[in-house]
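To start, the structure itself, in structure tokens.
The values are calculated or read from the model by the stated rules, or taken from the named source; none is laboratory data. If you're wondering where the values come from, they're calculated on a predicted model, not measured in any experiment. Cβ placement follows ideal geometry from the backbone for every residue including glycine, while neighbour counts extend to all protein chains displayed.
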Amino acid sequence: MSTNYLLDDSQETLFDIGRHPQSEQLRFVQMCIDEGLDFADELERHGISIDDLEYEIKAPSVRGDYATLDRFRHSSNRIPFVSLFAGCGGMDLGFEAAGFSHQVAVEINPLFARTMRENRPNWNVMAPPSHSGDVSRLYETANGIKEQAKITIPYEGIFVGGPPCQPFSIAANQRFSRAGGDFKRTGFQHKHGNLLFCYIELIEMFLPLSFVIENVPGLVDVDNGEQMANAVHRLRLLGYDVAEPLILNAADFQVPQNRFRLFLIGSRGTRTFVPPPKSDKASIVGPALRLGKKSVNNHQPREHKAASILRYMQLAVGERDQLGRVDRLDPLRPSKTIIAGGTKGGGRSHLHPYIPRTLTVRECARIQTFPDDYVFLGPTARQFTQVGNAVPPVLAAQIASSVRKSFF
């Protein structure tokens, strides 16, 4: 290898590049660009991992707390729950950890269902290929829940779930032209917007003791709030005490991520829902990313082009790479929201605060507070989608505990 780019032409060993001055790392990456070399091949040829590279401007090292789901585990309370629009199981994991008894998870996406079955073979997953998992097929879904869970009506348990949120999402609003057919903030006129009312119809059919509806905050603004008021009115006519829509930032509840979510929660009876208390601890992202060389699933870094790495290496903490539209995270702050991306892609993951590359699926899953042994199946893009779509299990566990204390 040319001495124009490294201190010597000896074969590098693992981690050696990290002991070179950062300027030499930059020269190594620039050489790959100038000579048209395959960056991944050059890293491998020299025994270098992408995780051995550094930014020009170092981020401060941090010591802090990372709250895993184990912190919120409780013994079984035998309260059953049914999960609708379960995704890969984020909400389910939270309720399970809080001691609730999992009865049925309904999910339309075959891959997301496979992930749940892989990780929780004891869960009753109502999904393809044995079931459509399509909540809009109300009677098929209702009959399937009755058969699978053997439940009686009124149901003395909880319905939980988040109808697909694209129609109400600010992110979707930014991705599509208002004049285009794919513009998503058409709200309840969009086919996914109607799934909220499918959920409410199932509540009408089963009359669960309590329900949790999760969505994006934009849900309250669609049609100037008229449709949301409609939904609440229908639920109150059924005899539910429905709390005012609750908008929470996950970062206030020991999730190392700014992620605002809306929760609509109610119960049959007169007891009032008391929200979970905010944490007095700062939820910063640095401690969540302490994986090092730990062997875990879904932790394969993307193979970046040398030109991308060169741009990333020169970013300051918190700065955005305008070309790739990705942000270098600040380890002393919560992460930006982990996003799912569209139906054909996995979205853009953020940049690691210490390593000039995008986050792996596992790192995103840690920010979302999934356990390290929870495996995501399918192509990498679809793994990102599963992680980004989910309710953070640690947040779900605290909602679940508050539901138990408030209503049971």
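When the residues of the range 105-138 are filtered to those that are closer than 23 Å to PRO208 by Cα and under 21 Å from the mean Cα position of the chain (by Cα), which remaining residue is surrounded by the fewest Cβ atoms within 10 Å (Cβ to Cβ)? Before you say what the answer is, go through the steps one by one.
Of the range 105-138, the ones closer than 23 Å to PRO208 by Cα are 105-108, 122-127, 131-138.
Narrowing further to those that are under 21 Å from the mean Cα position of the chain (by Cα): 105-108, 123, 125, 127, 133.
Values: ALA105: 29, VAL106: 25, GLU107: 28, ILE108: 21, TRP123: 19, VAL125: 26, ALA127: 22, GLY133: 25.
It comes out as TRP123.
Go through the residues of the range 118-137 one by one and say whether even a single one is touching a residue at least 60 places away in the same chain (Cβ under 8 Å) and closer than 20 Å to GLY157 by Cα. Lay out the reasoning, then the answer.
Here is the first cut: in the range 118-137, the residues touching a residue at least 60 places away in the same chain (Cβ under 8 Å) are 118-119, 135-136.
Next cut, closer than 20 Å to GLY157 by Cα only: 135.
So far as the range 118-137 goes, yes, one or more of its residues are touching a residue at least 60 places away in the same chain (Cβ under 8 Å) and closer than 20 Å to GLY157 by Cα.
Mind listing whichever residues of the range 362-408 are among the β-branched types (Val, Ile, Thr), part of a helix (DSSP H, G or I) and buried (at least 24 other Cβ atoms within 10 Å of the Cβ)? Step through it out loud before you land on a result.
Step one: list which residues in the range 362-408 are among the β-branched types (Val, Ile, Thr), which gives 367, 369, 375, 380, 385, 387, 391, 394, 399, 403.
Then keep just the ones that are part of a helix (DSSP H, G or I); that gives 367, 380, 385, 387, 394, 399, 403.
Answer for the range 362-408, where residues must be among the β-branched types (Val, Ile, Thr), part of a helix (DSSP H, G or I) and buried (at least 24 other Cβ atoms within 10 Å of the Cβ): ILE367, THR385, VAL387, VAL394, ILE399, VAL403.
Suppose we filter the range 277-295 for residues that are under 17 Å from THR358 (Cα atoms) and part of a loop (DSSP other than H, G, I, E, B); how many remain?
5
Quickly run through the range 241-265 and pick out the residues that are in contact with a helix residue (DSSP H, G or I) (Cβ under 8 Å, 6 or more places away or on another chain) and in a strand (DSSP E or B). Lay out the reasoning, then the answer.
Filtering the range 241-265 for residues in contact with a helix residue (DSSP H, G or I) (Cβ under 8 Å, 6 or more places away or on another chain) gives 242, 245, 247-248, 250, 253-265.
VAL242, ILE247, LEU248, GLN257, PHE260, ARG261, LEU262, PHE263, LEU264, ILE265 - these are the residues of the range 241-265 that are in contact with a helix residue (DSSP H, G or I) (Cβ under 8 Å, 6 or more places away or on another chain) and in a strand (DSSP E or B).
Of all residues in the range 266-276, which are on the phi < 0 side of the Ramachandran plot and either of a type in the set (Val, Ile, Thr) or assigned to a loop (DSSP other than H, G, I, E, B) (or both)?
At the first step, the residues of the range 266-276 found to be on the phi < 0 side of the Ramachandran plot are 266-268, 270-276.
Answer for the range 266-276, where residues must be on the phi < 0 side of the Ramachandran plot and either of a type in the set (Val, Ile, Thr) or assigned to a loop (DSSP other than H, G, I, E, B) (or both): THR270, ARG271, THR272, PHE273, VAL274, PRO275, PRO276.
Wholly within the range 13-122, which helices (runs of 4 or more DSSP H) include no fewer than the required count, namely at least 2 residues that are in the same structural domain as PRO164 (by TED's automatic domain parsing) and of a type in the set (Asp, Glu)?
On the way: elements: 16-19, 22-34, 39-45, 90-97, 110-119.
In the range 13-122, the matching helices (runs of 4 or more DSSP H) lie at 90-97.
When the range 301-320 is examined, which residues are found to be touching a strand residue (DSSP E or B) at 6+ places or on another chain (Cβ under 7 Å) and either among the acidic types (Asp, Glu) or free of Cβ contacts under 8 Å to residues at least 40 places away in the same chain (or both)?
The answer is ARG311, GLY318, GLU319, ARG320.
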